[in-house]
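Trainee: Just passing along the structure, written as structure tokens.
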Amino acid sequence: MGRSLMLALLAGLAAQPLSAVEVVGSVTIADGKPVAGAMVSVDDGDVGPGEVTTTVFTDAQGRYRLQLDQIDGMEIRVALGGYQSVSPASGKARLTAVEGRVTQDFVLKPGMDTATLPASVWMSNMPDGHGRELTILQCTSCHQMPSRKMRTFANNLAALSEEDRVNSWKAMIQYMRIKVFEIGPDGSHVSPQYVDFETMMNPDLSLFNLYDEEVISEYLAKYLPNNYEDASGYTYEQGPSLVNANTLIREYHLPKASLVREVALTPGSPYIWGADLQKNRLLRVDPNNPAEQVPYPVPVDGPTGPHTLNDDAEGYLWDANIEGDVVHRFNPQTGEWQAFDQFSKGAVAHDIALNSSFQVDTDAQGKLWLTLIGKNKMASLNPDNGEVQEFEVPIAEDNKPFRAAIYGAALRGDGKEVWFTQLTGGLGALDTATGELVFWKDYPVGKGPRRIAIDDNDQLYVTLFGSGQLDIVDTKTHKLIKTVDLPDPNAAPYSALWDRWRNVVWIGNSNNDVIYRYDVESGDIGHIPLPSTHAYLRMITFDRNTGNLWTAYSHMPAGSGPSSFVMIDPGDNPVIQ
């Protein structure tokens with residue numbers, strides 16, 4: 001045997017845990033027909049911080065295979081949208097090895113498993129239109145719709161008259177006005193401790209104004225289901241599955257008391273970084289040692305609530321905060337922070353404009369651009385001296401800045417225009433040299449243009465959170481190219497991520513427990529299912545070394561859903577350039 005071959009074999013052996021246990025099996029229906037694309041997950045069944053759930057998928061013959069370092073106390077389970085488990089009846093089993101190998105087969109049947117159905121399915125028989133869009137936009141901005149608590153509430157209202165149900169939902173919306181003030185970071189200065197009751201209940205200072213209250217309460221009272229025990233009248237429709245035998249998902253579980261909204265990676269750092277809004281910190285996780293979860297408190301005297309987290313081409317991380325009127329540049333190699341704090345009081349920087357590489361970048365004048373959700377303004381930031389300039393953008397006469405919610409931002413390739421969205425307003429662009437508005441498109445309230453991405457051809461991808469669509473805009477001609485209807489109109493598409501290696505757009509959804517992939521050339525749409533139910537997604541980003549996707553489950557308030565970093569290897573072996 002040649003020396004090089006021997007070294008290669010030894011290296012391969014060294015890379016495998018000495019105690020690795022192979023887990024194999026098949027997934028079929030009762031007549032023995034194989035089930036492709038079934039999701040097979042393994043963990044201890046009651047995961048805590050530092051633990052990992054590993055998920056693989058069956059091949060065309062219904063077979064799966066994975067290797068684990070150890071299986072003590074581990075549980076395996078199967079799931080597939082539109083199917084129920086026959087054997088084992090629970091769809092899960094404890095792992096038991098025979099001579100270092102575990103074999104566990106599953107049998108499924110067509111049917112709807114109410115325990116694992118995405119929230120969006122329960123909306124699939126509710127009528128389309130403005131009421132549905134506004135309900136998704138306003139309710140699903142924090143939690144899934146209907147969440148488990150909403151289902152319980154709806155069930156409790158089942159025997160009431162429609163008028164009483166309307167009033168009950170109005171009361172719930174009024175309660176949500178207060179709840180919004182309770183979901184900020186620890187020590188928040190806009191919590192009920194500091195804000196009086198009348199201010200919290202004021203519709204003009206709320207995410208929900210009186211119009212929202214009227215439309216949403218009537219829609220929920222008339223159409224929201226009240227029976228969640230029987231899903232026989234529903235279907236699972238998410239478009240073609242994109243998974244294969246090489247698709248791999250790992251969920252790295254975080255503290256339940258944390259609210260890690262967004263995740264970022266840089267090629268020069270081996271760690272995964274998250275913005276923990278609840279605990280006023282960044283959270284660093286080593287994927288090779290996930291029990292090592294290291295906090296990096298934001299160095300500000302008082303609450304900050306880090307909200308948005310992105311990398312740049314130099315390897316820095318940028319975080320924007322919902323309190324403190326400050327943006328930071330963080331060096332993941334040294335742990336050093338640089339503060340940019342010349343924003344006006346109450347500005348609340350939300351998003352930093354990203355380029356086609358999905359990285360923080362400067363415009364043609366060397367400035368960064370940000371959305372200021374607290375004032376419905378755009379801002380430029382000179383990273384050399386910290387100077388900030390603020391610019392007015394349109395707002396409807398009957399709207400208020402907080403509800404208007406200026407949101408996502410992207411830079412055109414030449415750096416001469418910055419594009420931005422407004423949740424209950426529209427889509428706009430500023431000339432970065434002058435700050436003048438050069439484009440504006442009103443959207444009907446409820447459509448919900450949210451996070452955006454731009455590609456190397458200056459095509460802008462705009463997720464429409466309320467209507468379940470994707471708008472594609474030519475930022476050079478200022479023309480709409482097309483509107484794409486996503487497979488599930490109740491998906492609540494939160495963010496777009498253009499992927500130059502695959503020339504696709506990945507869409508992070510908040511309400512249907514899947515990620516969509518839109519093929520730019522063909523227009524085809526498929527999905528990758530996520531292992532956890534109530535898998536509320538916001539942003540998606542890359543591992544720029546591998547092309548794998550990373551995201552986070554980020555329900556609000558903290559603790560109301562799974563709390564995890566999520567790595568998705570689509571299993572398609574992209575060529576990374």
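Trainee: Name the pairs whose Cβ atoms lie under 9 Å apart, with the first residue in the range 289-313 and closer than 19 Å to Asp186 by Cα and at pLDDT 95 or above, the second surrounded by fewer than 13 Cβ atoms within 10 Å (Cβ to Cβ) and small (Gly, Ala, Ser), and 6 or more positions between them or separate chains?
Mentor: Tyr296/Gly335
Trainee: Next up: Which of the residues spanning the range 407-426 are within 11 Å of Thr475 (Cα to Cα), crowded, with 23+ Cβ neighbours inside 10 Å and over 19 Å from the mean Cα position of the chain (by Cα)?
Mentor: Matches in the range 407-426: Leu411, Glu417, Val418, Trp419.
Trainee: Turning to a different aspect of this structure: Can you give me the number of residues within the range 314-336 that are under 17 Å from Pro383 (Cβ atoms) and without any contact (Cβ under 8 Å) to a residue 24 or more places away in the chain?
Mentor: So the answer is 3.
Trainee: Any chance you could count how many residues in the range 508-548 are of a type outside the set (Gly, Ala, Ser), closer than 26 Å to Val42 by Cα and not in a loop (DSSP other than H, G, I, E, B)?
Mentor: Result for the range 508-548: 14.
Trainee: Further question on the same structure: With Ala364, Ala410 as the choices, which residue is assigned to a strand (DSSP E or B) and modelled with pLDDT of 95 or more? Even if it seems obvious, please write down each step before you answer.
Mentor: Values: Ala364 fails: assigned to a strand (DSSP E or B).
From the options Ala364, Ala410, the qualifying one is Ala410.
Let's see how each residue does on (1) touching an Asp or Glu at 6+ places or on another chain (Cβ under 9 Å); (2) in the same structural domain as Thr58 (by TED's automatic domain parsing); (3) of a type in the set (A, V, I, L, M, F, W, C):
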{"site": "Asn490", "(1), (2), (3)": "no, no, no"}
{"site": "Trp498", "(1), (2), (3)": "yes, no, yes"}
{"site": "Val505", "(1), (2), (3)": "yes, no, yes"}
{"site": "Val514", "(1), (2), (3)": "yes, no, yes"}
{"site": "Gly523", "(1), (2), (3)": "no, no, no"}
{"site": "Thr533", "(1), (2), (3)": "yes, no, no"}
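Trainee: Specify which of the listed residues (Val263, Val300, Val294) is under 22 Å from Pro118 (Cβ atoms) and among the β-branched types (Val, Ile, Thr).
Mentor: Numbers: Val300 fails: under 22 Å from Pro118 (Cβ atoms); Val294 fails: under 22 Å from Pro118 (Cβ atoms).
One residue alone meets the criteria, Val263.
The values are calculated or read from the model by the stated rules, or taken from the named source; none is laboratory data. Predicted, not measured: the structure shown is a model, and the values here were computed from it. All Cβ positions, glycine included, derive from the backbone under ideal geometry; neighbour counts span all protein chains shown.
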